[in-house]
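The block underneath contains the structure these notes are about, expressed in structure tokens.
The values are calculated or read from the model by the stated rules, or taken from the named source; none is laboratory data. Predicted model, so just to flag it, every value in this text is computed and none were measured. Every residue, glycine among them, receives a Cβ derived from its backbone with ideal geometry; neighbour counts consider all protein chains shown.
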Amino acid sequence: MKKIADHMPCSLSRGKGTGGGGRFLVPLLLLVLLSACSSMPKVTGPVEPPLRRYEDLVKPGQPNMLDVNDSVEGFNRGSYRFNYYFDEYLYRPVVRGYEFIMPNYLEDRVSDALDNLGEITNLTNNLMQFNLKGAGVTVSRFVINSTIGIGGLWDQAKKMGLKRQTEDFGLTLGHYGTGSGTYLMLPVLGASNVRDTAGLVADAATVDYIGPLAWLNDNTATYAYAGVYAVDRRHRTPFRYRQTGSPFEYELIRTLYTMKRDYDIEQTKEKK
Amino acid sequence: MKRLLALTLLLLSFLAARPAAAAPPQSYFYPFVNPYEATVMELPKEFEVRLPDEVPVHEFVVRPFPKREIPEVFWYENGLVCSLVAQDHKAPLVFLIAGSGSRFDVPRMLKLQKVLYQAGFHVISLTSPTHMDFVVNAASGLPGIATDDAKDLYRVMDLAYQKVRKRVDVSHFMLAGYSLGGFDAAFVAKLDDQEHRFNFRRVLLINPPVCLYDSVSALDRLLVENVPGGMDNFDNWFRGVFSQTMHLAEAWEPGGLSGESMYRTYKRMQPSESNLAALIGLTARMNAADMIFTADVMNGGGYIVPKNVRLTSTTSLTRYAIVAYKTSFVDYFEQWLFPHYQKMEPGLTREALLRRETLRSLEGYLKGSRKFGLIHNEDDIILVSGDIEYLERVFDDRAWIFPSGGHMGNMFNPDVVSAITGFLKGKEE
């Protein structure tokens, strides 16, 4: 079992959904379904409607970006709060330690090496979207970086003009018209939705069975990979909780995540 | 490099065509001639003053109302954080107040902190009374009226200094702020002249509004008038801007949730002036909405949140967010703040309350005291016509007015920085 804390508190910058053992996510989904967190406010006396009422200000049928399908909002908000504490007291302190010990140059080498290993899901998903050019570029990148780039430590392919063709199974599903389903705030892993969570599981399985973890086929190495992957992920994610300074941070992240994923899916369609 | 050259040529022609302004040195060089661009864009590094990479920052928390129960919906709030950078020797201490909706540690505040530290001052950085952290932890009532916000700020300053006084050797006190923070500084100084806790020797106002109501109205109009098709079309417009931005951004930074970094991404495209203006207006609207919702919850609701309803950490706030973002500061003032003050002070007129929101009410005081200084730009977008002339008249030889720079776009230009530090360091008069 591979537990990979693929932490993307607001995974707007997510490249791919590798990591995250499938067996970890299934109980999580059950938890979502069983969750009894209420998203209704508690009433403490006779409720008086406010002066500025939603009904008066919003025309029926008028779209609003802040309205995102979020049918397990109570759970999601609880999970968001959990992630805040997790990030504050465990995850970022560990990452800060890593950043303190490692010179910046070596940090970048680690990032490049992990990106190289992660090319497997870029390949499978480009293929599944019949984006043959993207798949070809991915294969070339992997070959170049693994050889000239010495085991992927340097992204030499990028210097040759071969840009990373980031894809994940959530995007592949979206590419073929799968709706996003309800928004999900995954514990530890961050912003997602039903479609992207399914994608995360599929990509994790790819990494497990045909990707770098299968090549390693060794428990210790797998744990090491998972640990480094998690730390590198957070190291590269500039998101900080409460940076918005807004009481509506949860809503803002939800909207931006959704818009970003919609945009990425549109991009997969334009590429063809 | 080519772009730089073009900008340079553009600017040279611009400078030549204009009569030299009174105060700034002849050499003043600033690359953006469009005030919206100036406001939004960061100065290219070559044009910025050099600052130390690291300064010794000490963060600490004050709780002006220790018995206050923080509502569960603000579960992440726990006291008001301030920061101190201290010299290792006796030096003047500057209290620095952030602009509207800004926390003590936004990039602009961190840079100003470095500017002042480098110039030899101790600095205590303070969150704006309009930021939600301040509203939750340190506001005594509804925020938004300058004279009362000043009282809340003064209380925080007092506690902050008490908390760090063992760490710093202070010769005397100064006060500075930018934008709304500069405006706040004038009112705090007035209060200090009654209370004498600090006896500020110098008070510097950087790009303040003259009349708060005028400035917030102007900012809100930037949004409302520049979204094509009006606010009913906001969603479409924003989606367009979003995907344009995405197109150019190599990687979307999740830090891009804040106004400052949204701009940073946005500047990579050749933005239209109306889009820039609308984004500036949007940032102001969002800041106001955050403050208004928070203030409403802290004061028992009735405006956006129903009364007698307790929001928890899992309550959906989406509907309140939608309403709040449809609420401007002007709505809040007219519908909620003014009636609220009228209830507390029967007979208070709207005009009398508005007088507490303008530097004009302090005119005699600002004119008569040599301790005040002003830094501003002729093309600052938060000013309305006549404001600059008025400020020049009031501050006279203590005003440094630059011909361009928009709203604080030129703050870290070497000439502006020398004006800031020069005034604060200036000899006793």
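Values computed for the structure shown
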| quantity | calculated |
| --- | --- |
| Filter result for the condition that a residue is within 14 Å of chain A (Cβ to nearest Cβ), touching a Phe, Trp or Tyr at 6+ places or on another chain (Cβ under 7 Å) and not β-branched (Val, Ile, Thr), over B:PHE329, B:PHE293, B:PHE338, B:PHE372 | B:PHE293 |
| Selection within the stretch A:259-272 - away from chain B (no Cβ under 11 Å) and either polar (S, T, N, Q) or surrounded by fewer than 16 Cβ atoms within 10 Å (Cβ to Cβ) (or both) | A:THR268, A:LYS269, A:LYS271, A:LYS272 |
| Residue in the stretch A:158-168 that is surrounded by 23 or more Cβ atoms within 10 Å (Cβ to Cβ) and farther than 16 Å from A:LYS269 by Cβ present | no |
| Test: residue in the stretch B:335-354 that is closer than 30 Å to A:GLU251 by Cβ, of a type outside the set (Phe, Trp, Tyr) and free of Cβ contacts under 8 Å to residues at least 12 places away in the same chain | yes |
| Residue within the stretch B:323-335 that is surrounded by fewer than 20 Cβ atoms within 10 Å (Cβ to Cβ), modelled with pLDDT of 95 or more and of a type in the set (Val, Ile, Thr) present | yes |
| Residues (in a loop (DSSP other than H, G, I, E, B) and more than 7 Å from every other protein chain (Cβ to nearest Cβ)) located in the stretch B:296-314 | B:ASN299, B:GLY300 |
| Qualifying helices (runs of 4 or more DSSP H) (wholly inside the stretch B:315-370; at least 1 residues being polar (S, T, N, Q)) | B:318-325, B:338-344 |
| Qualifying helices (runs of 4 or more DSSP H) (wholly inside the stretch A:146-244; at least 2 residues being closer than 30 Å to A:GLU88 by Cβ) | A:194-209, A:219-236 |
| Residue in the stretch B:358-367 that is out of contact with any His (no Cβ under 7 Å at 6 or more places or on another chain), of a type in the set (S, T, N, Q) and within 14 Å of chain A (Cβ to nearest Cβ) present | no |
| Matching entry among A:TYR223, A:TYR209 (being of a type outside the set (Val, Ile, Thr), more than 13 Å from the chain's Cα centre (by Cα), surrounded by fewer than 20 Cβ atoms within 10 Å (Cβ to Cβ) and farther than 28 Å from A:ALA135 by Cα) | A:TYR223 |
| Residues satisfying the stated conditions in the stretch A:58-76, i.e. in contact with a helix residue (DSSP H, G or I) (Cβ under 6 Å, 6 or more places away or on another chain), within 7 Å of another protein chain (Cβ to nearest Cβ) and not in a loop (DSSP other than H, G, I, E, B) | none |
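Condition check ((1) surrounded by 15 or more Cβ atoms within 10 Å (Cβ to Cβ); (2) out of contact with any strand residue (DSSP E or B) (no Cβ under 9 Å at 6 or more places or on another chain); (3) closer than 17 Å to A:GLU251 by Cβ) across all residues:
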{"residue": "A:PRO41", "(1), (2), (3)": "yes, no, yes"}
{"residue": "A:GLY61", "(1), (2), (3)": "no, yes, no"}
{"residue": "A:VAL68", "(1), (2), (3)": "yes, no, yes"}
{"residue": "A:ASN76", "(1), (2), (3)": "yes, no, yes"}
{"residue": "A:ASN83", "(1), (2), (3)": "yes, no, yes"}
{"residue": "A:GLU88", "(1), (2), (3)": "no, yes, no"}
{"residue": "A:MET102", "(1), (2), (3)": "yes, yes, no"}
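The rows are residues; the columns are (1) touching a Ser or Thr at 6+ places or on another chain (Cβ under 8 Å); (2) modelled with pLDDT of 95 or more; (3) closer than 28 Å to A:ARG242 by Cβ.
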| residue | (1), (2), (3) |
| --- | --- |
| A:PRO41 | yes, no, yes |
| A:THR44 | no, no, yes |
| A:GLU55 | no, no, no |
| A:PRO63 | no, no, no |
| A:ASP70 | yes, yes, yes |
| A:ARG81 | yes, yes, yes |
